[in-house]
Amino acid sequence: MQIPENWLIHQDATPLNENDPDMLRVHSIETFGTHDGPGIRMVIFAQGCQFRCLYCANPDTWDVKGGTTKSIDEIVQMAIKEKPYFGKNGGVTVSGGEPTLQRSKLLQLFTKLHAHGINTALDSNGKLLNDEVKALLSETDYLLLDVKHFNDDWHHTLTAVSNQSVLKVAEYRESTGKPMWLRYVLVPGYSDQEEYLHQLGAHFKNYLTIEKIEIQPYHLLGAHKWEAMGLEYKLKDIKPPTAEALQKTAAIFKQYFKEVKIN
Amino acid sequence: MKTQEKISVPFAEGAWKKAINVKDFVRLNVTPFEGDAQFLTGPTHATLQLWNTCLAAMKLEREQNGCLDIDTETISTITSHAPGFIEKDLEKIVGLQTDALLKRAIKPFGGVRVVEGAAKEKGHLLSYKVKEVFDYVKDHNTAVFSAYDPEILKFRSKGILTGLPDNYARGRIIGDYRRLALYGADALIAAKQADKLAIDGELTEHQIRLREEVSDQIGALQSIKEMGAMYGLDLSRPAENAQEAVQWVYMAYLAAVKEQDGAAMSLGNVSTFLDIFIERDLADDIITEIDAQELIDQFVMKLRVVRHLRPGAYDDIFAGDPTWVTEAIGGHFEDGRTKVTKTSFRFLQTLYNLGPSPEPNLTVLWNNELPEGFKNFCAQVSIDTSSIQYENDDLMRNARGSDDYGIACCVSYQELGKRIQFFGARANLPKSLLLALNAGREENEGTVILKNIPAIKSDVLDYNEVLANFKLAIKEVVRVYCKSMNIIHYMHDKYYYEKAQLAFIDTDPGIDIAYGAAGISIIADSLAAIKYAKVTAVRNELGLTTGFEIEGSYPKYGNDNDNVDVIAQEISEFFFNELNTHKTYKNAKPTMSLLTITSNVMYGKMTGATPDGRLAGEPFAPGANPMHGRDTNGAIASLNSVAKLEYRYAQDGISNTMSMVAKSLGATPTDQTLNLVAVLDGYFAKKGHHLNVNVLNRETLMDAYEHPEKYPQLTIRVSGYAVNFIRLSKSHQLEVIARTFHENM
């Protein structure tokens, strides 16, 4: 079960971070996000990702040269127009794609959003941790950290990369004392092994910054995009987890986390 | 209920004791409630048994072509019918429009031929005695058409002006029904008699008419006393306890719906008023919370069985047999206190105790300072029942000047007891645009409607040229619209005067004359397409446009894009300003709505292809909504576009409907409730005026389309009101299903 090698995986993502410093490469923007962080959120789906998750619902966000570029100031203006809906909890979430590929630009975006009193969240796969990412995390009110699997072999199987950096990002975030939510995609037959769910829980149970863990039920809504891109969707025979399976996973996580939410 | 054991606490006195002033009474005696929904109770056995009887009757009604029975012999008046009951021994609040549940009465003064036709469609023959009456007297419909001119008739038959209340009652007027409970009929009669005596001096036409009107109102109040006596009630005096207060208010409303079958017959803003009586009885231990809820449940039940006799054609514009018993709940006093009381909650609770329902049309006057407990309860009720709508309290109270208001018809502010409205349906804007593109000819048949529109020079459309032509067309449409409205309301006053409602309104009230425009989103998108893309008109052998080729992209209304949203604003402002250039009957003040009711389907059928790419016959978006599927940046961007339409140009209301699946509001019930509250706070902070909230899923609607019998109470919000889904026509049902659902999750 190996991700087929294709041209996308060798893409150099450096230009995403360095070229056009005032522009963000964006896949799309959803003004009414209610599942990516607290409250109502403007969710920016950043373009470009180096993970190759088998169940990826947005393979059209992989290509670092895809999407469209939008000026950071324009995005800030959009967020300001939406601010009355954010209430006490809402704000802006940058998801993707993998947002940290554009960390220097997001630092600028988040700093500007904070200047306007707008809450920021970053939904990241935790691939990268360097000084620039650390600076970005310092302007990130909520880190939504996707832990795809606790076992590194399975992580490889699911994403084509190691999970070591993910754990390091979590460790770093914990050291800063700023809040974080874990997100776990439950894929039947791939990420539902009880022993690893327990290991994940045990690993994180003493983290003080983790406010909750969200179980994201695997779904097939993105499968058609793979076919449209000429890629084979390997999980087409995998059905979404049953309510029972979700509850069972939630029960395991509840032994370790103060809040478990099925998203 | 216990019997009255001790003397009630007296009400705080003030200006209301010296003159008719319900607002002052409420202000001085209200007990605002800042808590949550915990205190609410379920229905009593009596309530449930009564409601089951009603549900069984409604099922029979649906099986019989939507009409259970008609009394074709008796012209309905306040006292025309013997008392009617659901199950007399169980009823805490009594009174039906006729002597039997769901039996419809005839009110032929709006138009006897329409009544005859409506009865015939439902298999009934109008009594010859009734027909004979109109050999000697005139009805509203006949009178209006006697004064119409060929131009108005042409605009009407070609669908440029539609739904005009020229063959049915205009409705919209809201009596201040609280007055009967607070003062009793005798005091109201005395006040009207004093008013009549004061109409003196040089007797102008206005004053003579006013004297006659006040005399009619006094007559109506006397009839109301008689009607009360038929039910064993002494309405001559004020209500003395909560049960009487509810009963008295209902009797005043019942008189209105016995005498009139207006398109919309709103209730006003009675919940806060009634709460004062309920609070006093609770404090005196005369009633318990269970009794209080039972009074409201049974009152609301009565409002749910109000019926009028309508022809099939009426259903095309106002689908689902609506009555618009609109009750406004919540909002703020001018002094900053909330108007939310426990009875505000009790009204919403009826949607659980009796199940979802389109009527009464419960309208929450939203204010970002409303108590959190109330906000959360509203959101929860919306998510569970899709039966309530929201309007911007701050926006309306500040712009219109009083905190004592109800909602007339769907969405329109109406100060209670002080002003009234003349209803005027709406003009078809996209059809007006097509007149502008076809040298004043109607796009389907080529009939010349307007003579002063120059031919378009090139089939590749030029924005400035089209806009100039369109404005010329609007000027003409408005001119004819105003003529017809003056005729209609002159005749309605003369031949079908609402004496029972005006009896509960100050003598010689101020008047708003409410015009409307449909299809604003098509206009915005069409003009944006012409401005930002290349639009080529395709014409047939008569030179009439049959389609438009669009090359390139253009900004679409519903994405919070100023380039297009500003066009919608500009046209609304232009249309409104044109209305103000014309004289009005009784010096009424023009207002405008961006509203369609359900006529967006019928308008679509009558309107050719438009430059935004909409094909001939396709429905318009409802109200001020963006067109289906064009708002692609999510619900907030869509709301923001609509919120940009300025209330000052559309004080009759800017209707917006938001439909979404529950999951798109959030993952958990708590998230969903809080996020819906945030949507409402946000939309109204952005100065949005009105929002219908539907929380449904498409599968439920598809199933209800296929198996209506499984969903007797499925309620959805449509432009400005709610309907029972299965009572919509199949084409309306499909249009609702096709609407934009915000399904992101």
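Look at B:GLU646 and say whether it is away from chain A (no Cβ under 14 Å) and without any contact (Cβ under 8 Å) to a residue 12 or more places away in the chain. First the steps, then the outcome.
Details: away from chain A (no Cβ under 14 Å): yes; without any contact (Cβ under 8 Å) to a residue 12 or more places away in the chain: no.
No, not satisfied.
For region A:84-94, how many residues meet the condition of being open to solvent by 10 Å² or more (accessible area, probe 1.4 Å) and of a type in the set (Gly, Ala, Ser)?
1
Look at B:ASP89 and say whether it is open to solvent by 40 Å² or more (accessible area, probe 1.4 Å), within 30 Å of B:GLU132 (Cα to Cα) and either in the same structural domain as B:LEU303 (by TED's automatic domain parsing) or not β-branched (Val, Ile, Thr) (or both).
no
Which residues, counting only those in region B:161-203, are among the aromatic types (Phe, Trp, Tyr) and open to solvent by 10 Å² or more (accessible area, probe 1.4 Å)? Talk me through it step by step, then tell me what you get.
Looking only at region B:161-203, we keep the residues that are among the aromatic types (Phe, Trp, Tyr), and these are B:168, B:177, B:183.
Matches in region B:161-203: B:TYR168, B:TYR183.
If A:GLY67 passes every condition in (1) touching a helix residue (DSSP H, G or I) at 6+ places or on another chain (Cβ under 6 Å); (2) small (Gly, Ala, Ser); (3) open to solvent by 40 Å² or more (accessible area, probe 1.4 Å) but one, which one does it miss?
So A:GLY67 meets the others, but not (1).
Which of the strands (runs of 3 or more DSSP E) contained wholly in region A:23-93 include at least 3 residues that are within 14 Å of chain B (Cβ to nearest Cβ)? Don't jump to the end; show me each part of the working.
Numbers: elements: A:23-33, A:41-46, A:68-71.
Strands (runs of 3 or more DSSP E) meeting the threshold: A:23-33, A:41-46.
Counting only residues that are in contact with a strand residue (DSSP E or B) (Cβ under 8 Å, 6 or more places away or on another chain) and among the hydrophobic types (A, V, I, L, M, F, W, C), give me the helices (runs of 4 or more DSSP H) lying completely in region B:133-231 with at least 2 of them.
B:150-157
Exactly one of (1) surrounded by 23 or more Cβ atoms within 10 Å (Cβ to Cβ); (2) without any contact (Cβ under 8 Å) to a residue 40 or more places away in the chain; (3) at the interface with chain A (Cβ under 8 Å from one of its Cβ atoms) is unmet by B:ASP671. Its number?
Checking B:ASP671 against (1) surrounded by 23 or more Cβ atoms within 10 Å (Cβ to Cβ); (2) without any contact (Cβ under 8 Å) to a residue 40 or more places away in the chain; (3) at the interface with chain A (Cβ under 8 Å from one of its Cβ atoms), the one that fails is (1).
Quick one: would you say B:LEU691 is outside any loop (DSSP other than H, G, I, E, B), modelled with pLDDT of 95 or more and facing another protein chain (nearest Cβ under 10 Å)?
Working: outside any loop (DSSP other than H, G, I, E, B): yes; modelled with pLDDT of 95 or more: yes; facing another protein chain (nearest Cβ under 10 Å): no.
Criteria not met by B:LEU691.
Go through region A:249-263 residue by residue and tally those that are under 20 Å from the mean Cα position of the chain (by Cα), assigned to a loop (DSSP other than H, G, I, E, B) and more than 11 Å from chain B (Cβ to nearest Cβ).
The total comes to 1.
Looking only at region A:139-156, filter to residues that are of a type in the set (D, E, K, R) and touching a residue at least 40 places away in the same chain (Cβ under 8 Å); which one of those is farthest from A:HIS203 (Cα to Cα)?
Residues of region A:139-156 that are of a type in the set (D, E, K, R), as a first pass: A:139, A:141, A:146, A:148, A:152-153.
Applying the additional criterion that residues be touching a residue at least 40 places away in the same chain (Cβ under 8 Å) yields A:141, A:148.
Details: A:ASP141: 23, A:LYS148: 14 Å.
Ranking the candidates gives A:ASP141 first.
Being in contact with a Lys or Arg (Cβ under 8 Å, 6 or more places away or on another chain) and within 17 Å of B:ARG172 (Cα to Cα) is the filter here; which residues of region B:384-410 pass it?
B:ASP404, B:TYR405, B:ALA408, B:CYS409
Hey, among B:GLY66, B:GLY110, B:GLY35, which residue is in contact with a helix residue (DSSP H, G or I) (Cβ under 8 Å, 6 or more places away or on another chain), open to solvent by less than 50 Å² (accessible area, probe 1.4 Å), under 30 Å from B:PHE377 (Cβ atoms) and small (Gly, Ala, Ser)?
On the way: B:GLY66 fails: under 30 Å from B:PHE377 (Cβ atoms); B:GLY110 fails: under 30 Å from B:PHE377 (Cβ atoms).
The unique qualifying residue is B:GLY35.
Return a yes/no flag: does region B:79-93 have any residue that is within 25 Å of the chain's Cα centre (by Cα) and either within 29 Å of B:GLY219 (Cα to Cα) or at pLDDT below 95 (or both).
Here is the first cut: in region B:79-93, the residues within 25 Å of the chain's Cα centre (by Cα) are B:93.
From what is left, the residues that are either within 29 Å of B:GLY219 (Cα to Cα) or at pLDDT below 95 (or both) are B:93.
Taking every residue of region B:79-93 in turn, at least one turns out to be within 25 Å of the chain's Cα centre (by Cα) and either within 29 Å of B:GLY219 (Cα to Cα) or at pLDDT below 95 (or both).
Only residues that are surrounded by fewer than 22 Cβ atoms within 10 Å (Cβ to Cβ) and in contact with a Gly (Cβ under 8 Å, 6 or more places away or on another chain): list them for region A:120-141, please.
If the condition is that a residue be surrounded by fewer than 22 Cβ atoms within 10 Å (Cβ to Cβ) and in contact with a Gly (Cβ under 8 Å, 6 or more places away or on another chain), then A:ASP141 is the only one that fits.
Take the residues in region A:211-241 that are touching a Lys or Arg at 6+ places or on another chain (Cβ under 8 Å) and closer than 18 Å to A:HIS149 by Cβ, then tell me which one is modelled with the lowest pLDDT.
Quick first cut of region A:211-241, residues touching a Lys or Arg at 6+ places or on another chain (Cβ under 8 Å) only: A:211-216, A:220, A:223.
Retained after the next criterion (residues that are closer than 18 Å to A:HIS149 by Cβ): A:213-216.
Working: A:ILE213: 97, A:GLU214: 96, A:ILE215: 96, A:GLN216: 92.
Step by step, filter region A:211-241, then rank; the result is A:GLN216.
The values are calculated or read from the model by the stated rules, or taken from the named source; none is laboratory data. Computed from a predicted model, the values in this text were never measured in an experiment. Heads up, the Cβs are rebuilt from the backbone with ideal geometry, glycines too, and the neighbour counts pull from every protein chain shown. Calculation scope for accessible area: heavy atoms of the full protein, side chains included, ligands and nucleic acids excluded. Shrake-Rupley method; radii C 1.70, N 1.55, O 1.52, S 1.80 Å.
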